[in-house]
Amino acid sequence: MNAMIGGDLTRKRCAPCEGGVPPLTQAEVETLLAQIDGWHVTHDGKRIRREWKARNFSTAIHFFDEVAALAEAEGHHPDLHLTGYREVAIEITTHAIGGLSENDFILAAKIDAIPFEAKKP
């Protein structure tokens, strides 16, 4: 990518991506990953993932509703997973390039800003 990578990711907007650009390099991914807590690169290196445990089913679905509204506004859509009625996981990739772009990290940072009601310990 370029020197534009990084900064306050929550202040950026996802840019339309129709392909034709390479995925981020390992170094670029590591730089951006350091800016988002709790996310990790999946074993295939093509997605980032984070997991949460919601207080209950309703809370998990409400969180997904908020993520869906954000994704629509950004024009960048994550994969949402709900298992065990409150185990929430989100995976993000840029499908058009078959890997990670800065858009993925922008969306992750914005998802992190959505209030989440976690299961009480």
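The values are calculated or read from the model by the stated rules, or taken from the named source; none is laboratory data. Bear in mind the structure is a predicted one, so any value in this text is a computation, not a measurement. Cβ sites come from the backbone with ideal geometry, for glycine too, and all protein chains shown count toward neighbours.
Selection of segment 76-121 for residues being within 13 Å of the chain's Cα centre (by Cα), in contact (Cβ under 8 Å) with a residue 24 or more places away in the chain and assigned to a loop (DSSP other than H, G, I, E, B) yields 76, 78, 93, 100, 101, 113, 114. Would you say residue 48 is among the aliphatic types (A, V, I, L, M), within 29 Å of residue 119 (Cβ to Cβ) and touching a Leu at 6+ places or on another chain (Cβ under 6 Å)? So residue 48 does not fit the description; no.
Of all residue pairs spaced 6 or more apart or on separate chains, those with beta-carbon atoms under 9 Å, a first member in segment 14-32 that is under 14 Å from residue 108 (Cβ atoms) and modelled with pLDDT of 90 or more and a second member that is assigned to a loop (DSSP other than H, G, I, E, B) and of a type in the set (Gly, Ala, Ser) are 24/101; 29/45; 31/6; 32/6. Residue-level analysis places residue 27 outside the set of residues that are of a type in the set (A, V, I, L, M), over 21 Å from residue 99 (Cβ atoms) and either in contact with a strand residue (DSSP E or B) (Cβ under 8 Å, 6 or more places away or on another chain) or part of a helix (DSSP H, G or I) (or both).
Any residue at all in segment 79-96 that's surrounded by 14 or more Cβ atoms within 10 Å (Cβ to Cβ), at pLDDT below 95 and in contact with a Gly (Cβ under 7 Å, 6 or more places away or on another chain)? Within segment 79-96 (the criterion being surrounded by 14 or more Cβ atoms within 10 Å (Cβ to Cβ), at pLDDT below 95 and in contact with a Gly (Cβ under 7 Å, 6 or more places away or on another chain)), the answer is yes, since at least one residue qualifies.
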